[in-house]
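Worksheet for the structure shown next.
The values are calculated or read from the model by the stated rules, or taken from the named source; none is laboratory data. What you see is a predicted model, and the numbers here were worked out from it, not measured in a lab. Note that we place each Cβ from the backbone using ideal geometry, even for glycine, and neighbour counts take in every protein chain shown.
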Amino acid sequence: MRSTRRALAAVVGAAALLVASACGTGEDDDSTASKVEVFTWWAEGGEKAGLDALVSRFTTTCPGQEFVGGAVAGGAGVNAKQVLNARLQQNDPPDTFQVHAGAELLDHIDSGQIKDLTSEFSSWGLTGTLPEGLIETITVNGALWSVPVGVHRANVVWTNDQVLARSGILTAPKTLDAFIADLGRLRRDGIESPLALGRDWTQLMLLESVLISDLGPKRFTGLFTGATKWESRAVRAAIDDYARILDFSNPDRDSLDWPDAERLLIDGKAGYQLMGDWLAADLEANNFSGYDSFTFPGNGRAFQWLADSFALPTRAVNPAGGSCWLQTVASPEGQQAFNVQKGSIPARTDAPTTGFSDYQLAAAGDWKSGVAVPSCAHGSACSQPWQNAANAALGAFSTSGDATALQSALAAAAKQFVRQG
Ligand code: GAL
């Protein structure tokens with residue numbers, strides 16, 4: 001499942017030159033290059049490798065424009081979004097910024113902070129090459145607001161095969177109960193915290209996976225449209241299941257980001273970690289190959305998706321530079337170069353998949369044939385204030401273990417922030 005991710009040097013071809021001519025500013029001398037500030041949270045490991053691949057495409061295709069980074073580290077953009085929102089409010093935007101496609105854009109759109117990119121979507125060849133379902137979900141107020149570069153899957157469990165083998169666990173559990181039984185087996189064999197877990201938003205991911213198992217994809221998705229009630233008994237049962245699983249995680253979870261939890265897996269202190277499939281690229285970046293993965297038990301064919309994308313602030317200082325970055329992101333070659341490194345799959349269906357790992361090729365197949373469900377922790381299902389409220393509720397539960405309080409807090413957030421239903 002882990003074919004090596006090869007560098008794709010060969011993609012600097014005719015299409016690159018085409019993008020270059022479209023992006024060029026007429027400045028050929030790098031000393032006079034205009035600076036383009038690209039704001040992300042991709043600071044290290046597999047995330048930085050993906051960003052670096054985009055930067056190298058950008059340098060080729062946008063002569064006269066100079067990439068300026070300055071990522072604000074922190075998984076899922078928890079820190080970056082705070083810095084970005086403060087800057088946008090102070091009219092000090094970067095030239096382009098990373099954001100999750102979908103509901104996470106709502107507040108930026110409402111505040112007039114980002115440009116409508118609908119016409120660019122067709123001139124950059126995105127109309128007709130992105131899956132229809134994706135276009136539908138990321139259309140807000142009849143318009144398109146950010147360029148998706150890659151699609152990640154959130155509901156994946158990653159393993160340390162050696163740890164599992166020592167306890168005789170050789171197959172993936174198919175149900176929540178079977179998963180809990182395997183967690184118990186590891187603990188009995190001396191792995192005190194068999195499930196590696198991190199802070200609030202990673203806990204929200206775990207709860208979302210349990211909710212998908214217990215409610216099914218349709219009712220799960222309805223939690224974010226108003227069609228499914230958070231107050232129901234079924235949600236309470238899912239919270240109880242979540243609590244049973246949480247009990248097998250490391251007690252210091254609230255102070256760990258996802259790469260810290262990943263370290264527990266690599267070091268054999270845990271046997272499992274639920275995390276999006278950016279973990280594969282990071283495990284590789286850490287030279288760890290003793291892993292495997294499976295869809296969260298009970299999720300069936302549900303593909304919980306999220307899309308990394310870039311938006312163009314209305315008040316950007318260098319809109320031409322920002323736009324050239326977006327055009328690089330939109331190109332099939334840019335998407336291929338980025339995703340090979342990042343572990344996601346291209347948003348464009350016509351982007352080449354040369355060099356992709358077996359996992360990525362399988363994920364691309366599942367994305368086509370599976371049942372798409374959105375993610376709140378990663379912005380395809382819910383707005384930023386909703387995400388913040390859900391993260392806070394999970395963080396509080398991690399300490400208190402009060403299931404009634406968790407359910408009321410989640411129900412209150414839905415009531416306050418739901419947009420349709
Ligand atoms: C997600 C993002 C991924 C990855 C992950 C961990 O929200 O979409 O690209 O960076 O966070 O930081």
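One residue stands out among those in the stretch 350-391 that are outside any helix (DSSP H, G or I) and in contact with a Cys (Cβ under 7 Å, 6 or more places away or on another chain): the one that is farthest from residue 199 (Cα to Cα), which is 382.
Quick check on this structure: which one of 410, 406, 326 is under 19 Å from residue 134 (Cα atoms) and in a helix (DSSP H, G or I)?
The unique qualifying residue is 326.
Within the stretch 84-101, restricting attention to residues that are under 22 Å from the mean Cα position of the chain (by Cα) and in a loop (DSSP other than H, G, I, E, B), the residue that is farthest from residue 322 (Cα to Cα) is 101.
Is it true that residue 147 is under 30 Å from residue 183 (Cα atoms) and β-branched (Val, Ile, Thr)?
no
Does the stretch 326-343 contain any residue that is in contact with a Cys (Cβ under 7 Å, 6 or more places away or on another chain), buried (at least 20 other Cβ atoms within 10 Å of the Cβ) and in contact (Cβ under 8 Å) with a residue 40 or more places away in the chain? Scanning the stretch 326-343, I find at least one residue that is in contact with a Cys (Cβ under 7 Å, 6 or more places away or on another chain), buried (at least 20 other Cβ atoms within 10 Å of the Cβ) and in contact (Cβ under 8 Å) with a residue 40 or more places away in the chain, so the answer is yes. The number of residues in the stretch 129-178 that are over 23 Å from the mean Cα position of the chain (by Cα) and not assigned by TED's automatic domain parsing to the domain that holds residue 113 comes to 18. With respect to residue 309, determine if the residue is of a type outside the set (Lys, Arg), closer than 18 Å to residue 149 by Cα and touching a residue at least 60 places away in the same chain (Cβ under 8 Å). Taking the combined requirement at face value, the residue satisfies it.
So in the stretch 277-313, with the set limited to residues that are among the small types (Gly, Ala, Ser) and touching a Ser or Thr at 6+ places or on another chain (Cβ under 8 Å), which one is farthest from residue 162 (Cα to Cα)? Only one residue tops the list, namely 311.
Of all residue pairs spaced 6 or more apart or on separate chains, those with beta-carbon atoms under 6 Å, a first member in the stretch 74-96 that is near the ligand (Cβ under 10 Å from one of its atoms) and a second member that is in a loop (DSSP other than H, G, I, E, B) and among the aliphatic types (A, V, I, L, M) are 80/72. When we screen 398, 383 for residues that are surrounded by fewer than 22 Cβ atoms within 10 Å (Cβ to Cβ) and of a type in the set (S, T, N, Q), the only hit is 398.
Go through the stretch 299-342 and give me each residue that's within 16 Å of the ligand (Cβ to nearest atom) and within 23 Å of residue 35 (Cα to Cα). Correct list: 308, 309, 310, 311, 329, 334, 335, 337, 338.
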